[in-house]
Amino acid sequence: MRRRTGLALALCAVLAGCGKPDFSDAEKKTIASLALSALPPLPADTTNRYADVPAAEAFGSTLFFDLSMSRDGTVACSTCHKIDRQFQDDLPQGFGVARGTRRTMPLAGVAYNSFFFWDGRRDSLWAQALVPLENPLEQAGNRAAYAHYIQSRFGERYERIFGPLPDLSTVPSDASPLGTAAEKAAWAGMTDVQRDGVNRVFANVGKVLAAFERSIMPAETRFDRFAKALAEGVSPQGDSVFSDQEMLGLKLFIGKANCVTCHDGPRFTDGSFHNNGTPPVPDLPSDRGRIAVLAELDADPFNCLGAFRDGGEEACGELKFMRRTGAELIRAYKTPSLRGVAGRPPYMHAGQFKTLEAVVAHYAEAAPSVEGVNETHPLTLSDRERAALVAFLKTLGE
């Protein structure tokens with residue numbers, strides 16, 4: 001009997017499932033760093049002076065849900081970023097006017113990022129917001145048409161925030177440097193003054209959309225309540241009590257499985273880009289990740305070093321000093337936040353895996369990447385450990 005009792009206590013200690021959680025001081029420090037209470041205040045966006053202006057946020061909210069902000073009047077930002085689905089759409093690839101090539105990312109806490117999209121091809125939230133508006137698979141519009149629409153529908157509201165609109169009376173109804181052949185030709189035929197005026201209105205559309213998106217923040221979860229109790233040295237109560245399985249999953253997440261290397265901080269992301277060996281989707285175009293978009297980012301007229309930035313160039317360090325070469329950029333994609341992850345399958349940048357169990361299996365196998373080098377390494381996990389990891393991940397969205 002004594003021997004059995006000793007074995008039971010030893011097992012209990014391993015699982016941290018009896019009495020106080022069996023976490024070391026170092027583990028407790030790591031767990032505290034992941035809690036939502038550790039999230040710092042949202043930093044100011046010095047490239048967007050309207051980022052925290054209430055009127056800009058309200059205007060951005062209007063445009064975010066406006067179906068007219070698309071070529072055919074059927075697609076808004078909210079079409080893919082659904083308000084009741086963590087501002088994503090549950091699809092393997094987003095679908096605007098046509099099927100896209102990437103998974104729609106959720107928006108909670110997005111303003112903490114330095115680079116945006118799965119490949120980081122834009123360097124501010126407001127510059128990011130402009131891309132879907134002209135993407136032929138998403139909202140498929142053009143910037144001249146958007147400028148005319150803002151003037152006709154929201155002219156007074158726009159001018160209360162930004163001042164007078166430019167003279168658009170001689171600007172073609174449809175024109176863009178990124179559009180159809182006809183739109184490109186119309187853009188080329190415009191004067192520099194006309195192009196600058198349209199671009200400035202277009203940039204301001206991005207800035208109000210960003211002001212709204214900055215307001216979307218992550219919600220407290222079971223994990224946060226458990227972490228708070230652990231930090232305070234009190235017994236968890238109610239739904240903050242973790243099961244033995246959830247406790248083991250947490251210990252694996254910050255220990256043996258090493259998930260926390262990339263999924264760190266209170267948003268469970270390092271905000272960086274990694275090749276994790278995720279396979280391509282056979283019927284989608286070739287996708288090389290971060291390495292393929294750096295020239296596009298540097299050439300973007302709306303980037304931090306461009307003419308439409310508010311504030312000084314000192315805000316542009318991330319862009320100036322970003323890594324532009326290196327094999328590690330091949331098929332590297334942004335580490336997504338894991339907050340709410342259990343509620344938004346499928347997973348990875350193009351929805352390659354349908355379940356969290358499949359994701360855990362992928363990381364355990366660490367198969368070679370089809371191009372570049374998979375940063376992860378094979379990991380031996382028992383069925384029980386894999387199930388525990390999934391159980392813990394579910395606490396990040398409850």
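The values are calculated or read from the model by the stated rules, or taken from the named source; none is laboratory data. Note that the coordinates shown come from a computational prediction; the quantities given were computed from them, not determined experimentally. So basically every Cβ, Gly included, is an ideal-geometry build from the backbone, and we count neighbours across all protein chains shown. Side chains are part of the model used for accessible areas, which takes the heavy atoms of the whole protein and leaves out ligands, DNA and RNA. Shrake-Rupley method; radii C 1.70, N 1.55, O 1.52, S 1.80 Å.
Using the Cβ-Cβ distance between SER152 and ALA231 with R0 set to 35 Å, the FRET efficiency from 1/(1 + (r/R0)^6) comes to roughly 0.05. Our analysis of region 54-213 gives Rg over Rh at 0.95, with the two radii drawn from alpha carbon positions and Rh computed by the Kirkwood formula. Taking every protein chain into account, the accessible area of the chain amounts to 46 square angstrom per residue (probe 1.4 Å). Among 357-364, 376-383, sorting by the average number of other beta carbon atoms lying within 10 angstrom of each residue, highest first, gives 357-364, 376-383.
The angle separating the long axis of helix 54-64 from the principal Cα axis of greatest extent in the chain is about 90 degrees. Here's the list of lysines a cross-link from LYS82 could span, going by alpha-carbon distance under 22 Å and ignoring same-chain residues fewer than 8 apart: LYS207, LYS334, LYS354, LYS394. Using the Kirkwood radius over C-alpha pairs as Rh, can you work out the diffusion coefficient of region 46-126 via Stokes-Einstein at 25 °C, viscosity 0.890 mPa s, in µm² per second? The calculation lands on 177 µm²/s.
Within the shell defined by Cβ-Cβ distances under 12 Å, the residues around VAL97 carry a net charge of -1, with Lys and Arg each +1 and Asp and Glu each -1. Taking the 1.4 Å solvent-accessible surface of the chain as the whole, the part contributed by carbon and sulfur is 57%.
For the pair THR261 and ALA387, a Förster radius of 22 Å applied to the C-beta separation gives a FRET efficiency near 0.55, rounded to the nearest 0.05. Sequence-ordered 3J(HN,Hα) estimates for region 123-138 from the Karplus curve with 6.51, -1.76 and 1.60 and θ = phi - 60° stand at 10, 8, 5, 6, 5, 4, 4, 6, 5, x, 4, 10, 5, x, 9, 9 Hz, glycine and proline given as x. Full extension of the chain between ALA327 and ALA292 gives 11.4 nm of extra length, using 0.36 nm per residue less the Cα-Cα distance. Each peptide in 386-394, 231-239, 289-297 receives the mean, over its residues, of other Cβ atoms within 10 Å, and ordering these scores from highest gives 386-394, 289-297, 231-239. From the Kirkwood radius over Cα pairs of the chain, Stokes-Einstein at 4 °C and 1.567 mPa s returns a whole-number translational diffusion coefficient of 57 µm²/s.
Can you figure out the FRET efficiency of PHE95 with ALA188, using R₀ = 25 Å and their beta-carbon distance, to the nearest 0.05?
0.20
The separation of region 107-124 from region 322-349, counted between C-alpha centres, amounts to 11 Å. Using a probe of 1.4 Å on the protein chains alone, the accessible area found for LYS228 is around 120 Å². Distance from the C-alpha centroid of region 37-78 to that of region 156-197: 21 Å, rounded to the whole angstrom.
Computed extension length for SER173-MET217: 12.1 nm, one decimal, from 0.36 nm per residue of separation with the Cα-Cα distance subtracted. So how tilted is helix 356-365 from the main axis of the chain? Cα-based, degrees 0 to 90, rounded to 10. Around 80 degrees separate the two axes.
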